[in-house]
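To keep things clear, I will list the structure first and then write my remarks on it.
The values are calculated or read from the model by the stated rules, or taken from the named source; none is laboratory data. Keep in mind that what you see is a predicted model, and the values were worked out from it rather than measured. Virtual Cβ from ideal backbone geometry, glycine too; neighbours counted across all protein chains shown. Only protein heavy atoms, including side chains, enter the accessible area calculation; ligands, DNA and RNA are left aside. Shrake-Rupley method; radii C 1.70, N 1.55, O 1.52, S 1.80 Å.
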Amino acid sequence: MSPRQRMINLMYIVLTAMLALNVSSDVLNGFRQVHKGIETSNENMSRRNDIQFAHLENLYRKNPAKARGAMESGRRLHEIYTALDLEIEKYKVEIARKADGKDGDYRNLRNQDDLEAAAVTMLNPATMKGKSLERDIAAYRDYVASLISDSVKREAVMKMLATDPEKSNDGMIPWEQSMFDNMPAIAAVTMLTKLQNDMLHAESEALMNLISAVDEGDLRVNELNAYVIPESNIVMRGGKYRARVVLAAVDSTSRPAVFVNGSRLQSSGGILEMTASGSGKHDISGYIEVPSADGSVSRQTFASSYTVIEPMATISPTMMNVLYAGIANPISISVPGVPMSSVTATMTGGTLQREGDHWVARASKIGGDAVINVSANFDGVSRQVGSMKFRVRKLPDPTPYLPLKDASGNTVNYKGTPRRISKGALLSADRLGAALDDDILNISYSVVSFSTVFFDQMGNAIPERSDGARFSERQREQFRRLRPGRSFLINNVKAKGPDGVTRDIPPLEVAIN
């Protein structure tokens, strides 16, 4: 390539670069128009937020206790926004003065296409104003989001004020660099004004949420009804009937006058308390006087009733109508109309312990009786409400069994003839078990010892002793010699239960297929 051609190519490249850097004046004027429109929107939004904040202040003046938290959050929000808005205004002024000189006005920029003013002002590594702005925006965004309970609106605010890095061909670009690097002065100012607009929208959402939070406990109704809410409709003789008389949708800070059976209720909390003097149904009636805003008083009537019953208790054993010595017997104890926390119980002939809403009885003497006495607390006074006598018996004898593995590998209990088992299944058993599992009691026993009796072809008995609960090696050798169709006997079985008693239990005949 000749030197002349090289020069022409170089000039073309320079010209192309200059054209790329030359921003159209129409585009710049468009930014100016957008900036004016956003500023107008900001003024309107700012006035709206001022009205909302004034409304929040008015709610606080009317009911300080109810609106204090919302007012403090709203005041803090307004302070953060004002400081950040002033900071952004300062940056816009600095960009304008960098582009047009010390008398520069960002609303009337002369050098709108200045590509250095924004970058020099905001991306200077010595001042790092862009990075500082990014941190302040993030802090403002997080505080506003903490004041918005609606997840959809909160997510919208988070996206609107997002300061995440942007992805480009050269990797991730910091937020401040994407905002101000190589950005015309008018565009940078417009972007900052748009940021102020987003902040105002976020503030408006937060203020609306705070106002709603103050009013969320208020009810708007077109009908008033009086209600009597009793702690219980069933009262024992000698106890007290308690009920709360309320007017639906009435604020707790403005309680009406309540009259019951011709007398005014003196309790400030609306608690009705009457002594239950006799058994049967008792009616109560009255009215509530509600003052209106115009000074008139409306009257809402109510009626209710309660039932007085004789003291009683319900005591029922979970397993049977007896108690077994040596084990924990689950017992259910309840007193109608009385919470479990106010019920106590004692036992003679053993011990009784509460476990949650149930009780566990442990009887001590076999053949004797155990008596459970139940008491209930009524208005701080403990009264006995019932008792029940139980017979104490020894645990029944268990049944011996062989724990075998079935085709699926599950353990099944073989309890002898007439059922037959395979020789392989027998060889899989290594011990003898004993348990009481009659669908009422489910109790495991420990086998102490047992014997096996095999018969040879001549009918001679061959006894063998076990190794505790396990089959001895001599017994297992006899298993391996068994022929199909033969059987043997497991006898002299001794088993020890949870009551500590060792007993002889029935034998078990094992038949082979």
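Listed values, structure above:
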| quantity | calculated |
| --- | --- |
| From 144, 120, residue being β-branched (Val, Ile, Thr) and out of contact with any Lys or Arg (no Cβ under 8 Å at 6 or more places or on another chain) | 144 |
| Pairs, first among the β-branched types (Val, Ile, Thr) in the range 414-437, second open to solvent by 60 Å² or more (accessible area, probe 1.4 Å), C-beta under 8 Å, six or more apart | 417/509; 421/513 |
| Which listed residue, of 472, 449, is of a type in the set (Gly, Ala, Ser), touching a Gly at 6+ places or on another chain (Cβ under 9 Å) and over 16 Å from residue 512 (Cβ atoms) | 449 |
| Any hit, the range 415-432, residues being within 44 Å of the chain's Cα centre (by Cα) and either of a type in the set (A, V, I, L, M, F, W, C) or surrounded by fewer than 13 Cβ atoms within 10 Å (Cβ to Cβ) (or both) | no |
| Where residue 64 falls short, out of the listed (1) at pLDDT 90 or above; (2) closer than 26 Å to residue 213 by Cα; (3) surrounded by fewer than 14 Cβ atoms within 10 Å (Cβ to Cβ) | (1) |
| Single match in 364, 375, 382, 408 (criterion: hydroxyl-bearing (Ser, Thr, Tyr), open to solvent by 70 Å² or more (accessible area, probe 1.4 Å) and within 38 Å of the chain's Cα centre (by Cα)) | 382 |
| Selection status of residue 39, acidic (Asp, Glu), assigned to a helix (DSSP H, G or I) and either open to solvent by 50 Å² or more (accessible area, probe 1.4 Å) or modelled with pLDDT of 90 or more (or both) | no |
| Filter result (in a strand (DSSP E or B) and open to solvent by less than 60 Å² (accessible area, probe 1.4 Å)) within the range 462-480 | 462, 464 |
| Lone unmet requirement of (1) touching a Pro at 6+ places or on another chain (Cβ under 8 Å); (2) part of a strand (DSSP E or B) for residue 395 | (2) |
| Among the candidates 411, 399, 452, residue that is touching a residue at least 40 places away in the same chain (Cβ under 8 Å) and either among the polar types (S, T, N, Q) or farther than 30 Å from residue 359 by Cβ (or both) | 399 |
| Positions within the range 128-150 being modelled with pLDDT of 90 or more and farther than 19 Å from residue 173 by Cα, in sequence order | 139, 140, 141, 142, 143, 144, 145, 146, 147, 148 |
| The range 333-356, subset of a type in the set (S, T, N, Q) and under 34 Å from the mean Cα position of the chain (by Cα), residue least open to solvent (accessible area, probe 1.4 Å) | 342 |
| Subset tally (residues that are over 23 Å from residue 164 (Cα atoms) and open to solvent by less than 60 Å² (accessible area, probe 1.4 Å)) for the range 116-136 | 1 |
| Qualifying helices (runs of 4 or more DSSP H) (wholly inside the range 90-194; at least 2 residues being closer than 23 Å to residue 78 by Cβ and touching a residue at least 12 places away in the same chain (Cβ under 8 Å)) | 129-146, 151-160 |
| Count - residues of the range 325-347 that are in contact with a Ser or Thr (Cβ under 6 Å, 6 or more places away or on another chain) and assigned to a loop (DSSP other than H, G, I, E, B) | 1 |
